[in-house]
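Before any comments, here is the structure.
Bear in mind these aren't lab numbers, they're just calculated from the coordinates by the rules spelled out. Everything quoted here is computed from the prediction, not taken from an experiment. Positions of Cβ are backbone-derived with ideal geometry, glycine not excepted, and every protein chain shown enters the neighbour counts.
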Amino acid sequence: MTDKSSSDRTTHFGFQTVSESEKAGKVAEVFHSVAAKYDLMNDLMSGGIHRLWKRFTIELSGVRPGNRVLDIAGGTGDLTRKFSSLVGPTGEVVLADINASMLKVGRDRLLDKGVAGNVRFVQADAEKLPFPDNHFDCITIAFGLRNVTHKEDAIASMLRVLKPGGRLLVLEFSKPGNELLSKAYDRYSFTMLPLMGRLITGDADSYRYLAESIRMHPDQETLKGMMEEAGFARVTYHNMTGGIVALHRGIKP
Ligand SMILES: C[S@@+](CC[C@H](N)C(=O)[O-])C[C@H]1O[C@@H](n2cnc3c(N)ncnc32)[C@H](O)[C@@H]1O
């Protein structure tokens, strides 16, 4: 038996099969392309509902004054902004993202909104987090894990940098429970998202990737199993909007 090097192994980029070494570059192109219009598109595509999904994530995070929080794949900083006011002047929030364009939009936006003192901006890959062991009270990854090439490595890396008792929250698109909803959602995703992408950002392909990558992402039970396999305890999930989105939470033992 021969081991395959990472350039030979394949993975998914939406519905395409690509070599593992190509995927991160392709994901980077998507987010460089959409960064400037990312927030507008989020509101348009979800009818603003992403704000409710994020609010529920904050509620379940249990973050308190003085906590240290990592918002990885944090993009334009929706969660970071809320965490910044929750942890207060004695706490710290790290907004981390692999993509310089998304991080720049996030940093400019948070500075414009007067969020600064307790937020640090770090360019980092979720698979290889550049932080010490047992460092954070809470980590969130919202709509980010889907884009990561080696999801097991990212989950292990997040476990490593959490303190014992710390929480990981994974907010991600998932599998709708109802057949009718699933069909309507498919029709919407594969027609409306690329169309909106083309009209608003001039880039239909990135929004086609969005729809495809959602279909390729592990469903609720599979992701729960992956978190347990990595070593998380008390892993639970909550479906939202009929399972279109799920919030998984696990605790570091
Ligand atoms: C859909 S956006 C989500 C942004 C934000 N969390 C939100 O909910 O609005 C996905 C983000 O994941 C980032 N990302 C993709 N792969 C990553 C990786 N391996 N490590 C860290 N961030 C990554 C992208 O650059 C992008 O900013």
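Shown for the chain is the translational diffusion coefficient from the Stokes-Einstein equation, using the Kirkwood radius over Cα pairs, a temperature of 25 °C and a viscosity of 0.890 mPa s: 132 µm²/s.
Can you tell me how the stretch 77-163 classifies by the Cα gyration tensor, rounded, prolate or oblate, using a/c under 1.5 as the rounded cut? Don't jump to the answer; show the numbers that get you there.
On the way: a/c = 2.19, a/b = 1.34, b/c = 1.63.
Since a/c reaches 1.5 but b/c is at least a/b, the shape of the stretch 77-163 is classed as oblate.
If each Cα of the stretch 65-113 is one equal point scatterer, what is log10 of I(q)/I(0) from the Debye formula at q = 0.22, 0.26, 0.32 Å⁻¹? For the stretch 65-113, the Cα-only Debye profile gives -0.70, -0.90, -1.15. With 0.36 nm allotted per residue and the present C-alpha distance subtracted, the D186-E59 stretch has 42.8 nm of extension available. Across all directions, the average projected area of the convex hull around the alpha carbons of the stretch 1-71 is 8.5 nm². Extension gain for A28 to A233 (0.36 nm times residue separation, less C-alpha to C-alpha distance): 70.6 nm. Amide hydrogen proximity for T140: with H placed 1.01 Å from N in the peptide plane, the residues at 5 or more positions away or on another chain lying under 5 Å are L70, D71, I72, L169.
Eigenvalues of the alpha-carbon gyration tensor of the stretch 11-129, scaled by 5 and square-rooted, set the equivalent ellipsoid semi-axes at 26, 17, 14 angstrom, largest first. Note on V18 and K113: the model spin-label points, each 7 Å out from Cα along the C-beta direction, lie 3.0 nm apart.
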